[in-house]
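> Following this message is one structure expressed as structure tokens.
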Amino acid sequence: MKSKTIIFTGPEQAELVTVDLPDEPAPHEFAIQTRITLMSMGTELACYRADSEPGSHWHGWVKHPFFPGYSCVGEVIKVGSDIEGLQVGERIFHTTSHRQYANLPIPADQIVKIPDGVSDEEAAWSKLATITQTAVRQVEHAMGDRAVVIGQGPIGQLVTQYLRLLGLREILVIDQMQTRLDLALAHGATAGFNGSAAEAKDFVLEHTDGQLADAVYDATGHFSVLPLALPLARRYGTVMLLGDSPHPSRQHLTPDLLTRQIRLIGTHNESLPPAYAYWTPIRQQRLFLQYVQRQQMKVDDLITHRFDPDQASQVYADLNRDRSDSIGVIFRW
């Protein structure tokens, strides 16, 4: 069986190639035909550039040829003899890369089936929605909290919706693109600031009775934002570092961390401390899909671009130059 697959062959080099797969899945595998994949722009463009500092996890991870992507919706087309509870024709979400076909050795209890009423494009957000769930859980919000979310790309948009679900008193969003702010405001943000976080302190003071925010989320992934986020948190407040910079040594602290005793938390992928052991990645993905099915979360209007896989080379090059008008980018297989 032949499968089209997107690969990075070197820094800033994306290609669509054809690879060979076994015609039949192994007994412990099932085969899927991909319907759509969602690009994780921050992660994939960092991998596309392959520009990371030695010692960072990026530096050891990105080796060429590199297979980007981890947000895939596929239809089951074959089932191995040892697989139970899965039928041909069912739709599943999985975290393999951008590819047309795949044979997946996933245990039955780790399969995420897409419920009726959830579209392929909505389900494709399941991985990013799990990454953001992980961050929101670790902040441990209380009723009446006021939060700031810096950056309203894919990650920031999902954080904003989770905070609305939790019932926060104020959800203040910061971005330099008004279209992104408008989407966040439509999905539950209470006020938006068009500009840099460096200029947003008066805006935050105004909407927090002069107290600053209980929690500030840096959802940008840019090393310059951490020192701008810390001054926006109140005394004894929390800053959640959710964006993952390929240049962590360029991030730096401000006196706020000590003098105002800010709690700084970093999170990565779906890793949660033991107190949250129940919330495995699979349970978090299934919870997200329930929220979408019940229309408690809305992600279909976050999709700004749809492409065919044979456009991949140009898509990555264009987004690497300018992604300001992009949030959700879909490949249709």
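The values are calculated or read from the model by the stated rules, or taken from the named source; none is laboratory data. Predicted model, so just to flag it, every value in this text is computed and none were measured. When we count neighbours, we look across all protein chains shown, and the Cβ atoms used for this are built from the backbone with ideal geometry, even at glycine.
> Given Gln314, Gln285, Gln290, which one is within 17 Å of Pro154 (Cα to Cα), in a helix (DSSP H, G or I) and either in contact with a Gly (Cβ under 6 Å, 6 or more places away or on another chain) or not assigned by TED's automatic domain parsing to the domain that holds Arg180 (or both)? Walk me through how you get there before you give the answer.
On the way: Gln314 fails: within 17 Å of Pro154 (Cα to Cα); Gln290 fails: within 17 Å of Pro154 (Cα to Cα).
Selected residue: Gln285, the only one of Gln314, Gln285, Gln290 that is within 17 Å of Pro154 (Cα to Cα), in a helix (DSSP H, G or I) and either in contact with a Gly (Cβ under 6 Å, 6 or more places away or on another chain) or not assigned by TED's automatic domain parsing to the domain that holds Arg180 (or both).
> When you scan the range 146-262 for strands (runs of 3 or more DSSP E) that lie fully inside it, which ones turn up with 3 or more residues that are aliphatic (A, V, I, L, M)?
Working: elements: 146-150, 170-175, 191-194, 213-218, 233-241.
So the answer is 146-150, 170-175, 213-218, 233-241.
> Next up: Considering only residues that are among the acidic types (Asp, Glu) and in contact (Cβ under 8 Å) with a residue 40 or more places away in the chain, look in the range 239-293 and name the one that is nearest to Asp120 (Cα to Cα).
If we filter the range 239-293 for residues that are among the acidic types (Asp, Glu), which is where we start, we get 244, 256, 270.
Applying the additional criterion that residues be in contact (Cβ under 8 Å) with a residue 40 or more places away in the chain yields 244, 270.
Numbers: Asp244: 27, Glu270: 22 Å.
If we take residues in the range 239-293 being among the acidic types (Asp, Glu) and in contact (Cβ under 8 Å) with a residue 40 or more places away in the chain, then Glu270 is nearest to Asp120 (Cα to Cα).
> Same structure, new question: Can you tell me which of (1) out of contact with any Phe, Trp or Tyr (no Cβ under 8 Å at 6 or more places or on another chain); (2) farther than 23 Å from Lys4 by Cβ; (3) crowded, with 18+ Cβ neighbours inside 10 Å is the one Ser56 doesn't meet?
(3)
> Please find, among Gly192, Gly153, Gly144, the residue that is surrounded by fewer than 20 Cβ atoms within 10 Å (Cβ to Cβ), in contact (Cβ under 8 Å) with a residue 12 or more places away in the chain, not hydrophobic (A, V, I, L, M, F, W, C) and not assigned by TED's automatic domain parsing to the domain that holds Gly74. Steps first, answer last, please.
Working: Gly192 fails: surrounded by fewer than 20 Cβ atoms within 10 Å (Cβ to Cβ); Gly153 fails: surrounded by fewer than 20 Cβ atoms within 10 Å (Cβ to Cβ).
Just a single option satisfies the conditions, and that option is Gly144.
> Here are Pro231, Pro246, Pro227: which of them is out of contact with any helix residue (DSSP H, G or I) (no Cβ under 7 Å at 6 or more places or on another chain) and either assigned by TED's automatic domain parsing to the domain that holds Leu205 or acidic (Asp, Glu) (or both)?
Numbers: Pro231 fails: out of contact with any helix residue (DSSP H, G or I) (no Cβ under 7 Å at 6 or more places or on another chain); Pro246 fails: out of contact with any helix residue (DSSP H, G or I) (no Cβ under 7 Å at 6 or more places or on another chain).
After applying the criteria, what remains is Pro227.
> Still on this structure: Evaluate the range 265-280: report whether one residue or more is modelled with pLDDT of 95 or more and assigned to a helix (DSSP H, G or I).
No, the range 265-280 contains no residue that is modelled with pLDDT of 95 or more and assigned to a helix (DSSP H, G or I).
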